[in-house]
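Data block below; observations after.
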Amino acid sequence: MKSEMLSQEKNMVSIKVTFDQEEFAAQVDKACGELARKVSIPGFRKGHIPRKILEMRLGKEAIRAEALEKVLPETIDQVVQDYELDLIDEPRVEVDSMDEGAPVVVTLSFEVSPEVVLPALSEIQVDRLVAAVSDEMVEKTVADLRMQASTLAAVEDRAAEAGDVVDISYHTVISGEDTQDERHGPDTTSIDLGQTSVREEIRAALAGRKKGEEAVAEVLVADDHSESFSPATRQKR
């Protein structure tokens with residue numbers, strides 16, 4: 001077997017491999033022996049099928065292709081070792097010539113790891129970004145950390161304030177212009193008055209209420225809203 005590098009562009013390498021006539025003929029003989037032990041042909045025992053019968057039944061080209069397929073894995077390993085290739089994918093095989101009585105020529109195309117040339121460390125320049133941190137950002141971060149590390153404690157002697165978490169039981173009353181009111185509940189939930197996701201109407205209704213007092217919050221819902229919520233929500237703290 002002889003090999004010759006045809007091209008090397010970026011991370012693609014093409015190498016031509018040539019098997020001389022005698023070398024490949026030995027591989028064909030070996031393939032015929034293996035096929036004779038595997039195939040079944042009426043009138044012949046496995047392992048005792050004459051080569052001419054195999055060629056008539058399977059075809060000479062098919063037998064030569066079988067021989068090439070058997071020898072390729074070892075050939076590819078040898079080429080990779082000889083050229084010190086660092087593969088990142090399986091090679092592509094293209095048969096250039098496989099005529100009887102002539103050398104067999106194939107082209108192997110390899111995708112290899114690209115060569116990366118790093119500059120000297122002294123040539124690398126990096127612009128250091130200076131982050132502007134305001135007092136407001138610091139205060140907000142500290143407040144968030146305090147909130148994350150905080151624990152809840154029951155409060156009995158004062159009204160609800162912003163930042164409190166209130167436990168409520170509530171009824172939901174759904175009102176409409178052309179329908180009768182629908183009353184649902186009671187249900188229970190906890191509401192964090194410090195969360196901006198809580199509707200302003202609900203926060204306003206609960207702020208300043210003490211335990212046991214009732215509060216009413218009217219929440220208007222757009223006509224095209226995907227869900228049906230209560231326009232009037234009665235909530236008791």
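Laboratory data are not the source of any read-out in this text; all were calculated from the coordinates shown. Values in this document were obtained by computation on a predicted structure and should not be read as measured data. Every residue, glycine as well, gets a Cβ built from its backbone with ideal geometry; the counts of neighbours run over all protein chains shown.
Couple of notes before you dig in:
- Taking the Cα centre of the chain as origin and assigning +1 to Lys and Arg Cβ atoms and -1 to Asp and Glu Cβ atoms, the resulting dipole is close to 1340 debye.
- Checking every one of the trypsin sites (Lys or Arg not before Pro) in the stretch 1-85 against DSSP loop status and a limit of 12 other Cβ atoms within 10 Å picks out Lys10, Arg45, Lys46.
- Principal-axis tilt of helix 60-82 within the chain, Cα atoms, nearest 10 degrees: 70
- Relative contact order [Cα under 8 Å, 6+ residues apart], the stretch 2-111, whole percent: 35
- By the count of neighbouring beta-carbon atoms within 10 Å, fewest first, Val116, Val198 end up ordered Val116, Val198.
- Simple spin-label estimate for Leu72 and Lys16 in nanometres, 7 Å along Cα-Cβ: 2.0
- Greater than 20 Å apart at Cα, pairs in Lys38/Lys70; Lys16/Lys52; Lys2/Lys60; Lys2/Lys38; Lys140/Lys210: Lys16/Lys52; Lys2/Lys60; Lys2/Lys38; Lys140/Lys210
- Under Stokes-Einstein, with the Kirkwood radius over Cα pairs as Rh, the value for the chain at 25 °C and 0.890 mPa s is 89 µm²/s.
- Length added when fully stretched, Asp86-Lys2, from 0.36 nm per residue minus Cα-Cα: 28.2 nm
- The order of Phe110, Phe44, going from fewest to most other C-beta atoms within 10 Å of their C-beta, is Phe44, Phe110.
- Calculation over all alpha carbon pairs of the stretch 2-111 in 10 angstrom steps from 0 returns a P(r) of 13, 40, 26, 15, 5, 0 percent.
- Principal-axis analysis of the Cα atoms of the chain puts helix 135-149 at an angle of about 90° to the longest axis.
- With Cα atoms, 0 to 90° folded angle of helix 21-38 axis to the chain main axis: 70
- Neighbour counts of other Cβ atoms within 10 Å put Asp127, Asp144 in the fewest-to-most order Asp127, Asp144.
- Taking every alpha-carbon pair under 8 Å whose residues sit at least 6 apart, the chain reaches a relative contact order of 15 percent.
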